[in-house]
Amino acid sequence: MLRKILACSILLLISFYTALSQDSSKTGKLTISGSADAYYRYNFQNAKDSGRTNNYTSFTNSQNSFELGMASLKADYAVGKVDAVLDLGFGRRADEFSYNDNGTLTAIKQLYISFAPSDKVKFTMGKWGTHVGYELLDAYLNRNYSMDYMFSYGPFFHTGLKADVTVNSNFAFMLGVANPTDMSTASFTKKFFLGQIHLASTNGKIGGYLNYVGGKDLTDVTNNQFDAVITAVLSSKFNIGYNGTVKTIKPEGGSSQSWWGSALYLNFDPTSVFGLTARGEYFDDKKGVAGFATSIIDLTLSANIHIDNLTIIPEFRVDTAKDPIFFTNSDKSTSSAKSTSSFILAATYHF
């Protein structure tokens, strides 16, 4: 296996060298983009004495506080068949995204080089955001500001080598090999396999992705995650999205355990200035793989108010669990509430 990986890497490096040699006289195109976000969150349980925020998903772990999300700066330089991307992020959101890294590595959201020998095949090596799931790291790319459970307990990024193949406008696929999930560096470890199949209707209004990531992690636990994303444009003002995923882990010599989730996104845009998104998610972790040992329903309603590249997001969210996992102001060390509600006011900007 390692010889195959090494052979692919050498082939890719030779291809990069050949492409750069051929295109050295060409003028490249540099594209600079970026984004910023900030928010205020208030949890109505207000469990201030317990010190609990009643937040179990990524990036919004605060209570009654104005918070900085992330400042991002992305540089994309393309020349001929080669493309290099450096995507930097600073702030709590970036730190949580690169939670396994230290120092300057935490600021590198993405860093990769791509080579496209044709318009149908592209090779990429480096670190990039995961292909798994519906929601994305950059806040301005999501219509809900708070994240769902499937995003928070699934993969964030991959560091490795992948090949994207576009057969036609209706069918494409990706195959890759990478370090264990969310690891920028992983010496002496086994590697994960990545896969994706993309299908689209002829008119482009319905699309779907079947995603996979799996392998043995640093503790020799076998991980397998299968994921599906489906989107449909029903009209110029209304579209829907669906995400379903299941993750299975199997310790060395142990039995398999899993969590699974399913979420529906209803997106309504009556005007170019105003939109609404309702998210309903069911997250089943009765086996305790993600640490809950119960099931959770997340209901979120978010408004999107657009002023040029600025989006203001007032959001109301209710989390309900089968068992008491949330805290109230009277709780000291043991949770007693089965549900909690929160309000978020967020602002995102991109250029």
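If I fit a long axis through the Cα atoms of helix 2-22 and take the longest principal axis of the Cα atoms of the chain, what angle between them do I get, 0 to 90°, rounded to 10?
Once rounded, the angle reads 70 degrees.
Which FRET efficiency value, to the nearest 0.05, do you get for L30 and D119 by plugging their Cβ-Cβ distance into 1/(1 + (r/R0)^6) with R0 = 22 Å?
E(calc), rounded to 0.05, equals 0.50.
Sequence gap at least 6, Cα distance under 8 Å: using those rules, report the relative contact order of segment 113-255 to the nearest whole percent. Before the final figure, lay out each step's value.
Working: 315 pairs, mean separation 24.5, N = 143.
This gives 17 percent for segment 113-255.
Per residue of segment 110-123, what does 6.51 cos²θ - 1.76 cosθ + 1.60 with θ = phi - 60° give for ³J(HN,Hα)? Whole Hz please, x for Gly and Pro, Karplus curve as stated.
9, 7, 8, 10, 10, 10, 10, x, 8, 6, 10, 10, 9, 9
According to the square roots a ≥ b ≥ c of the eigenvalues of the Cα gyration tensor, what is the shape class of segment 203-351, taking rounded for a/c under 1.5, prolate for a/b larger than b/c otherwise, and oblate for the remainder?
oblate
Take the Cα gyration tensor of segment 59-156, multiply each eigenvalue by 5, square-root it, and list the three semi-axes largest first, rounded to whole angstrom.
28, 15, 12
With just the Cα atoms defining each centre, how far is segment 316-349 from segment 63-129? Give it in Å.
Each part reduced to its Cα centre gives a spacing of 32 Å.
Residues in segment 186-230 near a label at S262, defined as backbone nitrogen under 20 Å from the 7 Å Cα→Cβ point?
207-212, 225-230, by backbone N distance to the label point.
Computed FRET efficiency, Cβ-Cβ of V318 and N203, R0 35 Å: what is it to the nearest 0.05?
0.45
Please report the net charge: other residues with Cβ closer than 15 Å to the Cβ of V233, K and R +1, D and E -1.
+2
How much net charge surrounds K216 when only other residues with a Cβ under 9 Å from its Cβ are counted (Lys, Arg +1; Asp, Glu -1)?
Neighbourhood net charge equals -1.
Can you work out the Karplus-derived ³J(HN,Hα) for every residue in segment 208-225? Use 6.51 cos²θ - 1.76 cosθ + 1.60 with θ = phi - 60°, whole Hz, and x for glycine or proline.
Using θ = phi - 60°, the values come out as x, 10, 10, 10, 8, 8, x, x, 9, 8, 5, 9, 6, 8, 7, 10, 9, 10 Hz.
Calculate, in nm to one decimal, what F238 and L299 gain on full extension: separation in residues at 0.36 nm each, minus their alpha carbon distance. Provide the component values of the computation, followed by the final result.
On the way: separation 61, 0.36 × 61 = 21.96 nm, distance 1.90 nm.
Difference between extended and current length: 20.1 nm.
Readers should treat all values here as calculations from the given coordinates under stated rules, not as data from a laboratory. Keep in mind that this is a model prediction, so the values were computed, not measured. Quick reminder, even Gly has a Cβ in these numbers, built from the backbone with ideal geometry, and neighbours come from all protein chains shown.
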